[in-house]
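Peer 1: The structure that follows is given in the form of structure tokens.
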Amino acid sequence: KVGTIFVLGDEEKVMQLSRQMIINPFKGYSEQDRNILNPELEETIKELSAIDGAFVIDSKGAIVTAGRYLSAALESKDFPSGLGSRHIAAAGITNVTKAVAVVVSQSTGNVSVFKDGKLFVSIEKPVE
């Protein structure tokens, strides 16, 4: 089981409010090669999801970086209980940027979408 965070949009501010934890594996590649919809990236994304940190994706869908530590903290008392540190980081970064964050939970496989510091939608993994 693997969990991860994808932060979409407002990449300049997201980069200002985060720090790199690994060497950027996407630096130097063309926008087309870094596009999140590029099927050739599927295995790379799966492998990089196993490390800590977020993927930052620009408004055109190109991956800016992976392995990014999101520094923005959330101080909301309305945060749903039972969600982990990835969810808190996603809520925090969306609270202080115009980005949207998508979190895949390592423990449940559920997908949560955060916007404006709040849980926007949660998609439960189907029972197998």
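The values are calculated or read from the model by the stated rules, or taken from the named source; none is laboratory data. These numbers were taken from a predicted model, which means no experiment stands behind them. Virtual Cβ from ideal backbone geometry, glycine too; neighbours counted across all protein chains shown. Remember, those area values only see protein heavy atoms, side chains included, never the ligands or the DNA or RNA. Shrake-Rupley method; radii C 1.70, N 1.55, O 1.52, S 1.80 Å.
Peer 1: Name the pairs whose Cβ atoms lie under 8 Å apart, with the first residue in region 1-23 and over 25 Å from ASN110 (Cα atoms) and in contact (Cβ under 8 Å) with a residue 60 or more places away in the chain, the second open to solvent by less than 50 Å² (accessible area, probe 1.4 Å) and in a strand (DSSP E or B), and 6 or more positions between them or separate chains?
Peer 2: Close Cβ pairs (under 8 Å, with a partner that is open to solvent by less than 50 Å² (accessible area, probe 1.4 Å) and in a strand (DSSP E or B)) amount to LEU17/LEU70.
Peer 1: Hey, among GLY67, GLY53, which residue is at positive phi and in contact with a Lys or Arg (Cβ under 8 Å, 6 or more places away or on another chain)?
Peer 2: On inspection, the qualifying residue turns out to be GLY53.
Peer 1: Select, from SER59, SER30, the only residue that is among the small types (Gly, Ala, Ser) and over 22 Å from VAL111 (Cβ atoms).
Peer 2: Unique residue meeting the criteria: SER30.
Peer 1: Among (1) in contact with a Phe, Trp or Tyr (Cβ under 6 Å, 6 or more places away or on another chain); (2) at pLDDT 95 or above; (3) within 12 Å of THR4 (Cβ to Cβ), where does GLY53 come up short?
Peer 2: That leaves (2) as the condition not met.
Peer 1: If you scan region 92-125, which residues turn out to be assigned to a loop (DSSP other than H, G, I, E, B), touching a residue at least 60 places away in the same chain (Cβ under 8 Å) and either in contact with an Asp or Glu (Cβ under 9 Å, 6 or more places away or on another chain) or open to solvent by less than 40 Å² (accessible area, probe 1.4 Å) (or both)?
Peer 2: THR97, LYS98, ALA99, SER105, GLY109
Peer 1: Which residues, taken from region 21-34, are open to solvent by 60 Å² or more (accessible area, probe 1.4 Å), of a type outside the set (A, V, I, L, M) and touching a strand residue (DSSP E or B) at 6+ places or on another chain (Cβ under 6 Å)?
Peer 2: Residue satisfying the conditions is GLU31 alone.
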